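Here is the structure we will look at, set down as structure tokens.
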Amino acid sequence: MPKIFDNIQFEKLHGASNDFIFLDFIQYSNLIKKINTQNKAPISYPQFFLKEFVINLCHRTRGVGADGIVFYKFVDPQIRSNKTNNQKLKVEILIVNSDGSFAATCGNALRCLGLMLMRSRVWDGLKELQIDRLSPKEFSIKKNDISNDEQFVCEINPFATLIFGQYVKDTEKELAVINVAMGIEKKVFLTPLVENSLIHFGKEVDFLTPVFVQLSNPHWVFISPLFKSFTKKQFEEFGLLAQIELKNKILGNSVPLANIGMLSVLDISQNSKEKIISKNENNWSLAVFERGAGFTECCGSGATAARVALEYSQLIPKEIEEVYFKMPGGKVSISNRIIQNQTQRVLSGDAQFVFQGSVSFTAFSK
Ligand SMILES: N[C@@H](CCC[C@H](N)C(=O)O)C(=O)O
């Protein structure tokens, strides 16, 4: 990293402990311009610079620490000073995972974005707000420089719609409940399971057929009561096994690298479906091993995929109003609601401001 890298202003927020650094895109592009004009070695591979920048900033000990970075851009830069909550508010974002890979969507980052916009008084939380994608072209990254698994980032379809936000500020805490319309699944199918690959996780491995759910981003959801007693280490081990080895064995290149959902239910064999539904509120616990970030404390799109998988496996009926998922970092819910004339999956939960600051190169030195 070049040494002129100084005084980068950021804000950090989290949704159920899935944490993100928010950076104004203009600031990043000014940094690039500065390096290119002042440095003898201008940036020739912007995609690698971006990756290294994100990895360093997200590093838990040498950087600020986060599961990813959200670059945001106000299409009308005056909006910040006008603070009018007006119709003109248009926000574009690019989400990058902590390993520098692009994320097609991220429910928790969108919840945090909602809070960030409410804190800076540009969104009142009452009007629906569509969030668009910030094109990689703006980072001088060309389509040909992006890997096959990440070409989605060149599509111009929007991320999601923030539909409602309620801001709470008291002396103790500053948070908001934000609802995000995550869209509708594009593809869902059952996948076979290679039983003997799971043998070292215990004799009583009792899995329902896993479900592949393609939202804007891909998820492979495994359902088993076994996950209820898993430690973080076991989630990481199983997540990695499924993400790489099982995927290669069972699905090959037919699907992209996926987030792995590990969903546990009360003992399926002993509970009638009615019981499962009536105990809905606390019935499902979920952990996700993400693409690009590993095990995270919570995953909003993972919870969305889990609800889709439960419906597809007929473990819950579509009519259930709201399904809650207990995740290591907190609780989120997914409901089915008609938004913009379409039944969409809506993610709800808290987002919280952590801190703001500025960072310079020295923080990144090894
Ligand atoms: N790692 C994911 C993107 C992040 C998902 C997120 N934590 C969420 O809340 O949805 C990917 O690359 O698909």
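Since every read-out is calculated from the coordinates, none of them should be taken as a lab result. Here the structure is a predicted model, which means the values were calculated and not measured. For neighbour counting, all protein chains shown are included, and Cβ atoms are generated from backbone atoms with ideal geometry for every residue, glycine included.
Things worth noting here:
- Counting every other Cβ atom within 10 Å of each residue's Cβ, THR105, THR61, THR37, THR191 order from fewest to most as THR61, THR37, THR191, THR105.
- Set of aspartates and glutamates with alpha-carbon distance to LYS326 below 15 Å, sequence-local pairs under 8 removed: GLU281, GLU297, ASP350
- Highest to lowest packing among 106-113, 90-97, scored as the average C-beta count within 10 Å: 106-113, 90-97
- Given R0 = 56 Å, the distance between the Cβ atoms of GLU237 and GLN78 translates into a calculated FRET efficiency of 0.65.
- The residues neighbouring PHE295, those whose beta-carbon lies less than 14 Å from its own, together hold a net charge of -3 under the Lys/Arg +1, Asp/Glu -1 convention.
- Within the straight-line cut-off of under 15 Å between alpha carbons, the aspartates and glutamates reachable from LYS318 are GLU185, GLU274, sequence neighbours fewer than 8 places apart in one chain being disregarded.
- Footprinting exposure proxy for GLU290, GLU155 (fewest neighbouring C-beta atoms within 10 Å first): GLU155, GLU290
- Pairs from LYS90/LYS186; LYS90/LYS143; LYS33/LYS137; LYS73/LYS186 whose Cα-Cα separation, in the structure shown, is over 18 Å: LYS90/LYS186; LYS90/LYS143; LYS73/LYS186
- Cα radius of gyration and Dmax for the chain (Å): 20.7, 69
- Taking other C-beta atoms within 10 angstrom as a stand-in for reagent exposure, SER120, SER224, SER44 fall in the order SER44, SER120, SER224, fewest first.
- Computed helical MRE - 222 nm, the chain, DSSP H runs ≥ 4 contributing -39500 (n - 2.57), nearest 500: -6000 deg cm²/dmol
- Computed from the C-beta positions of ARG60 and ASP149, the FRET efficiency with R₀ = 22 Å rounds to 0.35.
- Bridgeable aspartates and glutamates around LYS88 (alpha carbons under 19 Å apart, same-chain partners fewer than 8 residues away excluded): ASP24, ASP76, ASP124, GLU128, ASP132.
- Cβ-based net charge around LEU251, under 15 Å, with every Lys or Arg adding one and every Asp or Glu removing one: +2
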